[in-house]
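Engineer: Input: one structure, supplied below.
The values are calculated or read from the model by the stated rules, or taken from the named source; none is laboratory data. Note that this is a predicted model, so its numbers are computed, not measured. Please note: Cβ atoms are built from the backbone with ideal geometry, for glycine as well, and neighbour counts cover all protein chains shown.
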Amino acid sequence: MERSKELFDYWYNRVRLKNYPLIESSEHVKTHELRHECTNYDDLRQSNEVRVLEEPEKSKIIAIVKYECTARVLQERARILQERAKQYEDDYHQLNQERSRLAKLIKLLQEKLFGKDKEIKKLEAKVAALEARNEALQSEVEKGKAYSDLLQEFEKLKKQYEQVQKRRQELAKNNQSLGGRVAHTQRFKRERDEARVIIAAQKDQINNLIQENTRLREELSECINASTEK
């Protein structure tokens, strides 16, 4: 267990992020694209340090590198999008204050300029436009929160994966007393099968998250386009 933790820590510290414009993109970006384009995943995987390893250790290290690179870039993207959602919220509150101020101004003008319907209608149209913009911005804020929730769900999956890894390591330690080449082979096959089941389940959950994220991003894009056209 201690050696496994050291391996994860070691490769975690080797991960480097790059291509921040893609990480910060408001558009949907696939996870594998973030991993390859925004981290040094390919360099780490093809490094001499990995290539000299024998199987199954080599596959294990590549899986750790892939996991750490994916987790790091998704965490960074989640942080950026959460900050952006917070900015949307601040802008929304500011626009609400501006709308209230304009409403008071309109009321005052209506009292002072009674009968000047043309001017009053212009101000009412301005308030209506501001209200529409508020609604669009509120929609963006809600979509941003929804996306942040999806990324938080990914963090839960990461913790579940780490717990499973910990359990596998405990089982491996308990089974060491069996010894022998046959016992080792059977244990390896069992762990491999367990890992495949876990990975398949996590892939399904991640695919569901990605599909939901795509749907939310499309709705957000439609809201933004509608707001721009107005």
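Engineer: For the stretch 73-118, give me each residue that is over 30 Å from residue 155 (Cα atoms), of a type in the set (D, E, K, R) and either surrounded by 13 or more Cβ atoms within 10 Å (Cβ to Cβ) or at pLDDT 80 or above (or both).
Structural biologist: 98, 99, 101, 104 - these are the residues of the stretch 73-118 that are over 30 Å from residue 155 (Cα atoms), of a type in the set (D, E, K, R) and either surrounded by 13 or more Cβ atoms within 10 Å (Cβ to Cβ) or at pLDDT 80 or above (or both).
Engineer: Restricting to the stretch 27-43, and then to whatever is in contact with a Ser or Thr (Cβ under 9 Å, 6 or more places away or on another chain) and closer than 17 Å to residue 68 by Cβ, can you tell me which residue is surrounded by the most Cβ atoms within 10 Å (Cβ to Cβ)?
Structural biologist: Here the answer is 39.
Engineer: Are any residues in the stretch 55-87 over 12 Å from residue 12 (Cβ atoms) and of a type in the set (Asp, Glu), and if so, which ones?
Structural biologist: 55, 57, 76, 83
Engineer: In this structure, does residue 73 turn out to be over 13 Å from the mean Cα position of the chain (by Cα), assigned to a helix (DSSP H, G or I), under 30 Å from residue 149 (Cβ atoms) and touching a residue at least 24 places away in the same chain (Cβ under 8 Å)?
Structural biologist: So residue 73 does not fit the description; no.
Engineer: Would you pick out the residues in the stretch 18-35 that are under 27 Å from residue 166 (Cα atoms) and either more than 13 Å from the chain's Cα centre (by Cα) or basic (Lys, Arg) (or both)?
Structural biologist: Correct list: 35 only.
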